[in-house]
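I have placed the structure first, in the form of structure tokens, so that the comments after it can refer back to it.
The values are calculated or read from the model by the stated rules, or taken from the named source; none is laboratory data. On a predicted model such as this, the values are computed, not experimentally measured, just so you know. Heads up, the Cβs are rebuilt from the backbone with ideal geometry, glycines too, and the neighbour counts pull from every protein chain shown.
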Amino acid sequence: MSEKVLILAIESSCDDTSAAIIEDGLLLSSVIASQEVHAKYGGVVPELASRAHQQNILPVVDIAFQQANRNINDLSAIAYTRGPGLLGSLLVGTSFAKGLSIALDKPLIEVNHLQGHVMAHYIHPSDEWLAATNISNTALYNPPPLPFICLLVSGGNSQIIKVSRNQHQHMPDMEIIGQTIDDAAGETFDKCAKMMGLPYPGGPIIDKFAAEGNPHAFVFSQPKVPNFDYSFSGLKTSFLYFLRDNLSSNPHFIEENLNDLCASLQHTIITILLKQLDRVVKKLGIKNIALSGGVSANNALRHSLQVYGNKSSCEIFLPLKVFTTDNAAMICQVGYYKFLDKQFGSIDAPPFVNTQI
Ligand code: KG4
């Protein structure tokens, strides 16, 4: 067995099949096969996602080893996303990881997908990985100091998480302070995009059109949620009725106002996100704020959070865009810390589908 700690991670919770390898804390490879098959359905079709994972997983792991230039027999452990996610998709990754663990007689490490998104900030790219990608190496490794508040916004989750040091382990403690009581921010982007006839995933397309639009052109409803939770279903319904009413008098309303619609919708989502975040920052008094999850690729959200940070004297940590949407590098980062903490998983552990941390 190699002296070095070599971790392979598998991520298959939704519609991206991904594998990554970290050696002694440095990322050597990260391979993602995204599934185009869902675009025409306006959302992820679970059965198609599971089938695509089955087709992709072996080549993706194979390429991850080729790019890392490491031998599978030198692995120290195999980390995998146990949940939350789509059951059929998770089953492919968990079964593959368990099979490999038995075949190679290497320990398993269970990783919570949401903890992975938070820990994406701690991914430390190796020189080999940097050389193989076109990503500039400026400010690549800038992990937020503990404690910090993480605004985690993805396709299935919108959460505000307090992340603090644990004296006894490498993995920090995470506590959910607020979370969505209905739809997630990413889901709202995707569903509203579908209402406008735009393809899935809607977030990046709305981001693009919004850059040319007026964020104050239209006003949509904002929720009144008592504690630190989020709600986006009211906004979604108000957007639907607004489109329906305007289309009844002008069938070309969407195409004539696409940029303004996208900008106004995006502005409302960001306002809702930052309002609750501000309440948490004031309550906890923590001045380090990190953004995570697929929606953290959103240009206006990144900009608005920077502006918020300047106004409220908070330091803002933005993830590298390649690590915002689902990827195994973030799973591998958690896997590496859990390996150091000797937190190994069980071959009997079933996937879990619901949000927990
Ligand atoms: O983190 P992720 O890959 O999947 C989950 O773990 O849920 O996030 C996917 C979500 C989708 O809803 C997608 O529309 C959204 O992230 N997204 C964006 C952008 N890029 C991806 N939303 C807004 N603006 C973007 N640029």
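On the given criteria, is HIS117 touching a Pro at 6+ places or on another chain (Cβ under 8 Å), buried (at least 23 other Cβ atoms within 10 Å of the Cβ) and closer than 29 Å to LYS287 by Cα? Full working, then the answer.
Working: touching a Pro at 6+ places or on another chain (Cβ under 8 Å): no; buried (at least 23 other Cβ atoms within 10 Å of the Cβ): yes; closer than 29 Å to LYS287 by Cα: yes.
So HIS117 does not fit the description; no.
Consider LEU291 carefully, then state whether it is touching a Leu at 6+ places or on another chain (Cβ under 8 Å), assigned to a helix (DSSP H, G or I) and within 14 Å of the ligand (Cβ to nearest atom).
Taking the combined requirement at face value, the residue does not satisfy it.
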| said: Suppose we filter segment 55-84 for residues that are more than 28 Å from PHE352 (Cα to Cα) and either surrounded by fewer than 18 Cβ atoms within 10 Å (Cβ to Cβ) or among the basic types (Lys, Arg) (or both); how many remain? | reply: 6
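Could you pull out the residue among LYS194, LYS162 that is away from the ligand (no atom under 13 Å from the Cβ), in contact (Cβ under 8 Å) with a residue 24 or more places away in the chain and of a type in the set (Lys, Arg)? Step through it out loud before you land on a result.
On the way: LYS194 fails: away from the ligand (no atom under 13 Å from the Cβ).
When all the criteria are applied, what remains is LYS162.
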| note | Contact list, first residue from segment 197-210 and among the hydrophobic types (A, V, I, L, M, F, W, C) and modelled with pLDDT of 95 or more, second anywhere and more than 8 Å from the ligand (Cβ to nearest atom) and assigned to a loop (DSSP other than H, G, I, E, B), beta-carbon distance below 6 Å, six or more apart or interchain, is ILE205/LEU198
| field | Members of segment 169-189 found to be touching a residue at least 40 places away in the same chain (Cβ under 8 Å), of a type outside the set (Asp, Glu) and assigned to a loop (DSSP other than H, G, I, E, B), listed by number | value | GLN169, HIS170, MET171, ILE181, ALA184
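Report, by residue number, each residue of segment 32-46 that is closer than 18 Å to ASN327 by Cβ and either in a strand (DSSP E or B) or of a type outside the set (Val, Ile, Thr) (or both).
Of segment 32-46, the ones closer than 18 Å to ASN327 by Cβ are 32-36, 38, 44.
Result: ILE32, ALA33, SER34, GLN35, GLU36, HIS38.
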| Lone qualifier among LEU130, LEU104 - being within 25 Å of ALA349 (Cβ to Cβ) and either without any contact (Cβ under 8 Å) to a residue 40 or more places away in the chain or out of contact with any Phe, Trp or Tyr (no Cβ under 8 Å at 6 or more places or on another chain) (or both) | LEU104
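Every residue, every condition in (1) on the phi < 0 side of the Ramachandran plot; (2) of a type in the set (Val, Ile, Thr); (3) within 15 Å of the ligand (Cβ to nearest atom), yes or no:
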residue	(1), (2), (3)
LEU301	yes, no, yes
VAL307	yes, yes, no
PHE317	yes, no, no
PHE323	yes, no, yes
ASP326	yes, no, yes
GLY335	yes, no, no
THR355	yes, yes, yes
| How many residues does segment 175-186 hold that are under 30 Å from TYR336 (Cα atoms) and either within 16 Å of the ligand (Cβ to nearest atom) or of a type in the set (Ser, Thr, Tyr) (or both)? | 6
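Tell me, which residue of segment 9-34 that is without any contact (Cβ under 8 Å) to a residue 40 or more places away in the chain and touching a strand residue (DSSP E or B) at 6+ places or on another chain (Cβ under 7 Å) is surrounded by the most Cβ atoms within 10 Å (Cβ to Cβ)? Show your work before the answer.
Of all residues in segment 9-34, those without any contact (Cβ under 8 Å) to a residue 40 or more places away in the chain come to 24, 33-34.
Narrowing the set further to residues that are touching a strand residue (DSSP E or B) at 6+ places or on another chain (Cβ under 7 Å) leaves 33-34.
Numbers: ALA33: 19, SER34: 15.
For segment 9-34, the residue satisfying everything is ALA33.
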| query | Can you pull out the residues in segment 27-57 that are out of contact with any helix residue (DSSP H, G or I) (no Cβ under 8 Å at 6 or more places or on another chain) and more than 15 Å from the ligand (Cβ to nearest atom)? | reply | LYS40, ARG51, GLN55, ASN56
| note | Taking segment 299-317 and keeping residues among the hydroxyl-bearing types (Ser, Thr, Tyr) and surrounded by 14 or more Cβ atoms within 10 Å (Cβ to Cβ) leaves SER304, TYR308, SER312
| task | Please enumerate the residues belonging to segment 240-290 that are farther than 29 Å from VAL163 by Cα, surrounded by 13 or more Cβ atoms within 10 Å (Cβ to Cβ) and polar (S, T, N, Q). | result | ASN246, ASN257, ASN259, SER264
| request: From (1) assigned to a helix (DSSP H, G or I); (2) at pLDDT 95 or above; (3) out of contact with any Leu (no Cβ under 6 Å at 6 or more places or on another chain), pick out the condition that doesn't hold for ALA329. | output: (3)
| field | Top-ranked residue in segment 198-239 [being more than 18 Å from CYS262 (Cβ to Cβ) and within 16 Å of the ligand (Cβ to nearest atom); ranked as surrounded by the fewest Cβ atoms within 10 Å (Cβ to Cβ)] | value | SER233
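Suppose we filter LEU152, LEU146 for residues that are under 18 Å from HIS121 (Cα atoms) and within 10 Å of the ligand (Cβ to nearest atom); which single one remains? It would help to see each step written out before you state the result.
On the way: LEU146 fails: within 10 Å of the ligand (Cβ to nearest atom).
When all the criteria are applied, what remains is LEU152.
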